[in-house]
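The values are calculated or read from the model by the stated rules, or taken from the named source; none is laboratory data. Given the structure is predicted, the values throughout are model-derived calculations rather than measurements. With ideal geometry, Cβ positions are generated from the backbone for all residues, glycine too; neighbour counts draw on all protein chains shown.
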Amino acid sequence: MKNRTIFLCGFMGCGKTTVGKELAKALGCQFSDLDELIALRDGRTIPEIFAQSGEDYFRKLESELIAEKAEEGSGVVALGGGAVLKKENAEAAKRGGAVVFIDTPFEVCYGRICGDKNRPLAANAEKDELLQRYNSRLGAYNSAASFKVPGCGSPQQIAREIIAAAL
């Protein structure tokens, strides 16, 4: 995976950021969380961006940053939960490296995200609504992925599985 970016995709709370940090440490490369990059670029938190400028504006920034990270050609990037729903984003990420779907069961994700005010699409959603969103996104995650790994196990174990599959 030298000079290639590893993009991590999956549902909110699947472990993209936590696993991504472990993976970057193991590979000795830079880690980037796309949501953090969006907030830095815009100067507002993700909830503020959604509330003041809307999801379309957020998705525009997201697409720009995915294209930039794909061009850079190295490191580990944790994508937002909805990033690969847009076909152009999935294609840009694949051109830039490998897209890894962290396939974590819904109940695990839900336990991590319920009531999280930093996740605008989850903060006020009912469990059934989040389950429906989870199920509706699985096809996009599978389609975008170069390969997938199970999201159960420690972040270190998942990072090792990604390394084994990617190299």
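Only one of (1) under 17 Å from Phe11 (Cα atoms); (2) touching a strand residue (DSSP E or B) at 6+ places or on another chain (Cβ under 8 Å); (3) of a type in the set (D, E, K, R) is not met by Glu72, so which one is it?
The failed condition is (1).
Residues Gly43, Gly20: which one is surrounded by 21 or more Cβ atoms within 10 Å (Cβ to Cβ) and small (Gly, Ala, Ser)?
Being surrounded by 21 or more Cβ atoms within 10 Å (Cβ to Cβ) and small (Gly, Ala, Ser) holds for just one of Gly43, Gly20, which is Gly20.
Take Lys86 and decide whether it is in contact (Cβ under 8 Å) with a residue 24 or more places away in the chain, among the basic types (Lys, Arg) and in contact with a strand residue (DSSP E or B) (Cβ under 9 Å, 6 or more places away or on another chain).
When the stated conditions are applied, Lys86 does not pass them.
Among the candidates Ala51, Ala78, Ala24, single out the residue that is closer than 29 Å to Glu129 by Cα and either at pLDDT 95 or above or of a type in the set (Phe, Trp, Tyr) (or both). Lay out the reasoning, then the answer.
Details: Ala51 fails: either at pLDDT 95 or above or of a type in the set (Phe, Trp, Tyr) (or both); Ala24 fails: closer than 29 Å to Glu129 by Cα.
Answer to the selection: Ala78.
For every residue, the table says whether it meets (1) over 16 Å from Lys16 (Cα atoms); (2) modelled with pLDDT of 95 or more; (3) basic (Lys, Arg).
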position	(1), (2), (3)
Ser74	yes, no, no
Val84	no, yes, no
Glu91	yes, yes, no
Thr104	no, yes, no
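Kindly state which strands (runs of 3 or more DSSP E) lie completely within the range 52-167 and contain at least 3 residues that are surrounded by 14 or more Cβ atoms within 10 Å (Cβ to Cβ) and of a type outside the set (Val, Ile, Thr).
Result: 97-103.
Taking the criterion of being assigned to a loop (DSSP other than H, G, I, E, B) and polar (S, T, N, Q), would at least one residue in the range 37-48 satisfy it?
yes
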